[in-house]
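Below is one structure; the comments refer to it alone.
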Amino acid sequence: MTTLSPETKELEIADGRPSSGGPVSMTVPFLDLRIQYQSIKSEIDPAIQNVLDSTAFVLGKAVTDFEDAFKLTHTVRHCVALSSGTAGNHLALWALGIGPGDEVIIPANTFIATAWGATLCGATPVFADCDPRSYTLDPSLAEERITPRTRAIVAVHLYGQPADMDPLMAIARRHNLFLVEDCAQAHCAEYKGKRVGGLAHASSFSFYPGKNLGAYGEGGAVATNDDALARKFRMMRDHGAERKYRHEMPGHNYRMEGIQGAVLGVKLKHLACWTAARRRAAMRYNEGLAGLPDLITPAEMPYATHVYHLYVIRTPERDRMQRFLQSKGIATGLHYPVPLHLQSVFEPLGKGPGSFPNTETLARECLSLPMYPELTDEQIDYVCRSIRDFYD
Ligand SMILES: Cc1ncc(COP(=O)(O)O)c(C=O)c1O
């Protein structure tokens, strides 16, 4: 079974062949998008057909309808649909006026697209370590990285768990900085009972197919409660123009395609149900893996309603465990094996090994287990049993 990993686009392989780990009694893919498509095919196919019939291939009614529904789901005043989450990472900072000479604080423990937001603006990403329990940006460590050049902090709601936004917002206010949420992995997650996406100055979302809300191609969005900023988002995603051939500011082509808007509009109606299923799966994993030596299951922080885009366990035996699970037909992923500060592209920033110890430990020890709403109890129990067998 070969499936596409949510962020890394790497192939996760569990081919079902028996090996030294013993017989394979079932295969568990890391992600299975086919089951979900089959379950909503009768809604998706006509929605796509409508776009084809209307020929509204870029933006158009399906996209506007999706924006309206999405902003209500996330209790935020404006949602502007884009061509990807990476575009969102860029546009959020660009429209806030971040540019060359500026510094943007970014967690070292995230997918690289978070950092591209700063890089694409010509600004410098400045990495900060994560909290060892939540795995999200540690507010006090972020504050230590502030310099006179710092203009913004990007908090990532990593794996589906919101970052600790109140202290981050207090720091942003104290130092007169923008705070941006990267919600790529956290659709419908809540911080102290409030949905992510409207908790800071601006936010970005990804609708990459493997995300909790995934398009059938690339997709993303930015959101904000600020009317003037929303207007800039709309113009900048479309060549800096509100009216055709009247370009008032720099821009890009970051428009969402009509077909993606139609698919996302259908899928949004199912998101609450899918999120509940992810949470149920996570609880079942928690129970099945409780009490194992050296194995840490995800901590849901008291302020958070985690939406489990990924279910990430930690063990010093990570590599051996991954190979063992592979031999049992279970595909797993690594999020993320190389922290951002140790990526060769960021070598010039001069942060070598040892700079961000919590992130580096996670990179060595984290293992993402299969997680998607359609995962069955039998599959989860089989994964838990296999992990127990590993320790036996
Ligand atoms: C935390 C984070 N930020 C940004 C992105 C970029 O999103 P996209 O792949 O839609 O460009 C992703 C996912 O790939 C992500 O996981």
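The values are calculated or read from the model by the stated rules, or taken from the named source; none is laboratory data. No experiment lies behind these values; they were computed from the predicted model shown. Every residue, glycine as well, gets a Cβ built from its backbone with ideal geometry; the counts of neighbours run over all protein chains shown.
If I go through segment 171-194 residue by residue, how many of them are aliphatic (A, V, I, L, M), buried (at least 24 other Cβ atoms within 10 Å of the Cβ) and in a loop (DSSP other than H, G, I, E, B)?
3
Using beta carbons and a limit of 6 Å, which pairs, at least six apart or on different chains, have the first residue in segment 167-183 and within 14 Å of ASN225 (Cβ to Cβ) and the second one away from the ligand (no atom under 16 Å from the Cβ) and small (Gly, Ala, Ser)?
LEU179/ALA172
Could you check ILE48 against (1) touching a Cys at 6+ places or on another chain (Cβ under 8 Å); (2) surrounded by fewer than 24 Cβ atoms within 10 Å (Cβ to Cβ) and say which number it fails?
Condition not satisfied by ILE48: (1).
For segment 98-122: of the residues being under 11 Å from ALA155 (Cα atoms) and polar (S, T, N, Q), which is farthest from the ligand (Cβ to nearest atom)?
ASN109
Would you confirm whether any residue within segment 195-206 is assigned to a loop (DSSP other than H, G, I, E, B) and surrounded by fewer than 18 Cβ atoms within 10 Å (Cβ to Cβ)? Steps first, answer last, please.
Applying the first criterion (assigned to a loop (DSSP other than H, G, I, E, B)) to segment 195-206 yields 196-201.
Restricting the remaining residues to those that are surrounded by fewer than 18 Cβ atoms within 10 Å (Cβ to Cβ) gives none.
No, because not a single residue in segment 195-206 is assigned to a loop (DSSP other than H, G, I, E, B) and surrounded by fewer than 18 Cβ atoms within 10 Å (Cβ to Cβ).
Tell me, please, whether a residue that is at pLDDT 95 or above, away from the ligand (no atom under 13 Å from the Cβ) and surrounded by 24 or more Cβ atoms within 10 Å (Cβ to Cβ) can be found in segment 143-150.
First, the residues of segment 143-150 that are at pLDDT 95 or above: 143-150.
Filter again for away from the ligand (no atom under 13 Å from the Cβ), leaving 143-150.
Of the ones still in play, those that are also surrounded by 24 or more Cβ atoms within 10 Å (Cβ to Cβ) are none.
No, every residue in segment 143-150 fails to be at pLDDT 95 or above, away from the ligand (no atom under 13 Å from the Cβ) and surrounded by 24 or more Cβ atoms within 10 Å (Cβ to Cβ).
Tell me, yes or no, whether segment 75-85 has at least one residue that is part of a strand (DSSP E or B), modelled with pLDDT of 95 or more, more than 13 Å from the ligand (Cβ to nearest atom) and of a type in the set (D, E, K, R). Steps first, answer last, please.
Start the filter on segment 75-85 by keeping residues that are part of a strand (DSSP E or B), which leaves 78-82.
With the extra rule that they be modelled with pLDDT of 95 or more, the set shrinks to 78-82.
From what is left, the residues that are more than 13 Å from the ligand (Cβ to nearest atom) are 78-80.
With the extra rule that they be of a type in the set (D, E, K, R), the set shrinks to none.
No, there is no match, as no residue in segment 75-85 is part of a strand (DSSP E or B), modelled with pLDDT of 95 or more, more than 13 Å from the ligand (Cβ to nearest atom) and of a type in the set (D, E, K, R).
Give all pairs with beta carbons closer than 6 Å in which a residue from segment 204-232 that is within 16 Å of GLY85 (Cβ to Cβ) and within 9 Å of the ligand (Cβ to nearest atom) meets a residue that is polar (S, T, N, Q) and part of a loop (DSSP other than H, G, I, E, B); count only pairs at least 6 apart in sequence or on separate chains.
GLU218/SER83; GLU218/SER84; GLY220/SER84
Considering only residues that are within 16 Å of the ligand (Cβ to nearest atom) and hydrophobic (A, V, I, L, M, F, W, C), which ones fall in segment 123-141?
PHE127, ALA128, CYS130, LEU137
Considering only segment 316-369, state which residues are crowded, with 17+ Cβ neighbours inside 10 Å, closer than 17 Å to PHE127 by Cβ and among the hydrophobic types (A, V, I, L, M, F, W, C).
LEU340, LEU342, PHE346, PHE356, LEU362, ALA363
Looking at segment 35-49, I want the residues that are farther than 15 Å from LYS269 by Cβ and in contact (Cβ under 8 Å) with a residue 60 or more places away in the chain and have a partner that is in a helix (DSSP H, G or I) and among the aliphatic types (A, V, I, L, M) with Cβ atoms under 6 Å, at least 6 apart or on another chain. Which pairs are those?
Taking only residues 6 or more apart or on different chains, the pairs are ILE48/ILE259; ILE48/ALA262.
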